[in-house]
Ligand SMILES: [Zn+2]
């Protein structure tokens, strides 16, 4: 065996199984960073940006490959079977499965009747077609893992390579939520630095908890609430750290990241769930070299559009059986005949 053949023999197995950084990964360097900020009203985001309180969201959205669209909406289509309440259960399920309530079946935060085994979390679909892909999810709202991710499992088989849940203290009215967001951020940073994620979802909960007045009773869902804007500002700094870690990856120049940052709903006073504009109108920050800018900036963007964007970026063709027609509603009982 010549020296060069020996070297080739030594190097080949490594290359064949390399799941390394740069363009050597499962999707030739295409990767996804999806950041969720719960209960973050659109007009509060624009106010925070205007006042210099969200410099990271401003920078990434104003970069030449970035955008901020206010055409995004939660709550399905009014008057149609897709219409759903503007609460987190249905909202995050739509954002993570790409379908509305008439398909995923999640009506509220109890998740009763959820059909995630049929309409799965997008990361389960990624692993189904590319089993070596590395998918990681981080949240301090446990139902995202307990119901949406675990509800999507096939025969109990885990599909998340990293699944980090931390549980805020509901007895203390989520007063510790800002601290839990820091834990979420730090775990996500470790994964960005030490692994080669193909898709990451990172969720921050404090903005919603401030909107509810849970962390501080003086706050509410409004751009007029300085406490609410401060919460957006804190999460903005976490977003900045994630973006910096992504850009500091050893072969970042070879990689092609799609970054999506959005919310599940807005809010009104100290609550949400209804059909008002301030609850339904949401926002999306997107960054990537191949964004459909015209569509995102000038046409309505349902929150179910994010999963298809992720599949398109990774070169995955969704199978028709991933989103079957919704089950038919039971026939309404015949009206009683008059005697
Ligand atoms: Zn809420």
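The values are calculated or read from the model by the stated rules, or taken from the named source; none is laboratory data. Keep in mind that what you see is a predicted model, and the values were worked out from it rather than measured. Cβ: placed from backbone, ideal geometry, glycine included. Neighbour counts: every protein chain shown.
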Are any of the residues in the stretch 178-192 more than 13 Å from the ligand (Cβ to nearest atom), more than 18 Å from the chain's Cα centre (by Cα), surrounded by 19 or more Cβ atoms within 10 Å (Cβ to Cβ) and under 26 Å from residue 31 (Cα atoms)?
no
In the set 236, 224, which member is more than 16 Å from residue 174 (Cβ to Cβ), at pLDDT 95 or above, more than 13 Å from the ligand (Cβ to nearest atom) and assigned to a loop (DSSP other than H, G, I, E, B)?
224
Just name the residue that is farthest from the ligand (Cβ to nearest atom) out of those in the stretch 252-273 that are surrounded by fewer than 17 Cβ atoms within 10 Å (Cβ to Cβ) and under 23 Å from residue 54 (Cβ atoms).
269
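Does residue 182 count as part of a helix (DSSP H, G or I) and over 23 Å from residue 315 (Cβ atoms)?
So residue 182 passes the test.
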Filter result for residue 148 (within 15 Å of the ligand (Cβ to nearest atom) and under 26 Å from residue 316 (Cβ atoms)):
no
Answer yes if at least one residue in the stretch 289-298 is more than 16 Å from the ligand (Cβ to nearest atom) and under 16 Å from the mean Cα position of the chain (by Cα), and no otherwise.
no
Scanning the stretch 197-209 residue by residue, those more than 16 Å from the ligand (Cβ to nearest atom) and either at pLDDT below 95 or assigned to a helix (DSSP H, G or I) (or both) turn out to be none
